[in-house]
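Some notes on the structure that comes next.
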Amino acid sequence: MAAGFKTAEPLEYHRSFLKENCRPDGRELGEFRPTTLNISSVSTADGSALVKIGNTTVICGIKAELTTPPSDAPNRGYIVPNVDLPPLCSSKFRPGPPGEQAQAASQFIADVIESSDLINMEELCIEKSKLCWVLYCDIMCLDYDGNLLDACIIVLLAALKNAQLPEVTINKETDLAEADIQKKQPLKINRLPVGSSFAVFDDSIIIVDPTAEEESLSTALLTVVTDEEDRLCAVHKPGGTSLSGEKLQHCINRAITRNKEISKLVDKVTESTKTAK
C-alpha cells in the first residue's frame, strides 16, 4: 500500500513524514547520511579520493602537469576542476557532452576554490612567466542519489590533501625543466571549505543532505560553503522559492557544524594513511 502511495503521490508521501519531523529513510530533518572517505584510491593519479554520502558515490583523481603560466597571472599556477555525470551513475543522465548540471557543478567547484583561498596559486608557480603547475581535478560520480555538490567538495579537498608533486627546477644551461621524482612534496592547503546542502519543501520546511528524490520534489535547493574558521565562502541557490534571513542563518549555522565533522573525518583518514605508510 505504502509503495503504491509513494509512486502515485510522491509529494504527499513525503509530506506525511515531514509532518512528523522525520523522512522516509528514517532520518531527522537536520541529519546527514553516513559519510565515508577513502584516499589514494587511484594509484595512477598524483592524488585521489573517494567519498560516499549515503548512496551518492564520487571519486576524484588529480593529474599535475607543467605548463606556461597565463599571461594575466604570470606568477600563478592554476586548478582546473571537471565534474562528470556519466549515465552509469543515474538514468537521468545521457551520454555525450557534459549536461547543464555537470557544467554548473564544475563552475561551482571552480568558484569555491577561488573564493575560499583553498590553495595559494602562487605556490604552484615554479618560475615567473616560464613554468607553473596546472592541477587537473577530474571528479566523477559513480552513483547519484542527491547532494552532489557536498560530495564533490569533500572528495576534492581530500584528493588535494593526498596529492604530492615532484620537485622541479629549471636547468640554467639547457633552459629545460627537470623533475626529481624521488623528492615529492605535499600541497599546502590553506583552507578547509566544506559544503552543506539543503532542500526546501513547501517553501517552509528545510531538510539537510537531500536524496535525489527529495531534490526533485523540493521547491528550492541551497548549498552553503564555510571554512574551518566559520567564514562563509560561497552560497549557491539555483532559483526556486525565496528564503528568509532567519532560515538562511539557520542553514549557515548547520553548515559550520558540518564543517567541523568533515574536517575531522578528512584529517583522520589522511593521518591513518600516513601511519599505514
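The values are calculated or read from the model by the stated rules, or taken from the named source; none is laboratory data. Keep in mind the model is a prediction, meaning the values are calculated, not measured. Quick reminder, even Gly has a Cβ in these numbers, built from the backbone with ideal geometry, and neighbours come from all protein chains shown. Heads up: the accessible areas ignore ligands, DNA and RNA and are worked out on the full protein's heavy atoms, side chains in. Shrake-Rupley method; radii C 1.70, N 1.55, O 1.52, S 1.80 Å.
Descriptive notes on the structure:
- Scanning region 137-148 for residues that are under 22 Å from residue 187 (Cβ atoms) and crowded, with 24+ Cβ neighbours inside 10 Å yields 137, 139.
- Breaking point among (1) closer than 24 Å to residue 13 by Cα; (2) within 20 Å of the chain's Cα centre (by Cα); (3) free of Cβ contacts under 8 Å to residues at least 40 places away in the same chain, for residue 214: (3)
- Residue satisfying all of: in region 149-178; free of Cβ contacts under 8 Å to residues at least 60 places away in the same chain and surrounded by 12 or more Cβ atoms within 10 Å (Cβ to Cβ); farthest from residue 31 (Cα to Cα) among these: 170
- Of note, residue 89 does not satisfy the criterion of being surrounded by 14 or more Cβ atoms within 10 Å (Cβ to Cβ) and in contact with a helix residue (DSSP H, G or I) (Cβ under 8 Å, 6 or more places away or on another chain).
- Cβ-Cβ under 9 Å pairs, at least 6 apart or on other chains, region 33-48 side among the hydrophobic types (A, V, I, L, M, F, W, C), far side assigned to a loop (DSSP other than H, G, I, E, B) and crowded, with 21+ Cβ neighbours inside 10 Å: 45/163
- When 175, 145 are checked against the criterion of being touching a strand residue (DSSP E or B) at 6+ places or on another chain (Cβ under 6 Å), in a loop (DSSP other than H, G, I, E, B) and either modelled with pLDDT under 90 or acidic (Asp, Glu) (or both), a single residue qualifies: 145.
- From 25, 46, residue being closer than 28 Å to residue 102 by Cβ, open to solvent by less than 50 Å² (accessible area, probe 1.4 Å) and not hydrophobic (A, V, I, L, M, F, W, C): 46
- Spans of strands (runs of 3 or more DSSP E) in region 19-112 with at least 2 residues of a type in the set (D, E, K, R): 56-67
- Number of positions in region 113-129 that are part of a loop (DSSP other than H, G, I, E, B) and either at pLDDT 95 or above or among the hydroxyl-bearing types (Ser, Thr, Tyr) (or both): 1
- The single condition among (1) touching a strand residue (DSSP E or B) at 6+ places or on another chain (Cβ under 6 Å); (2) over 22 Å from residue 195 (Cα atoms) that residue 72 does not meet is (1).
- For the condition part of a strand (DSSP E or B), touching a Gly at 6+ places or on another chain (Cβ under 8 Å) and not β-branched (Val, Ile, Thr), residue 132 qualifies.
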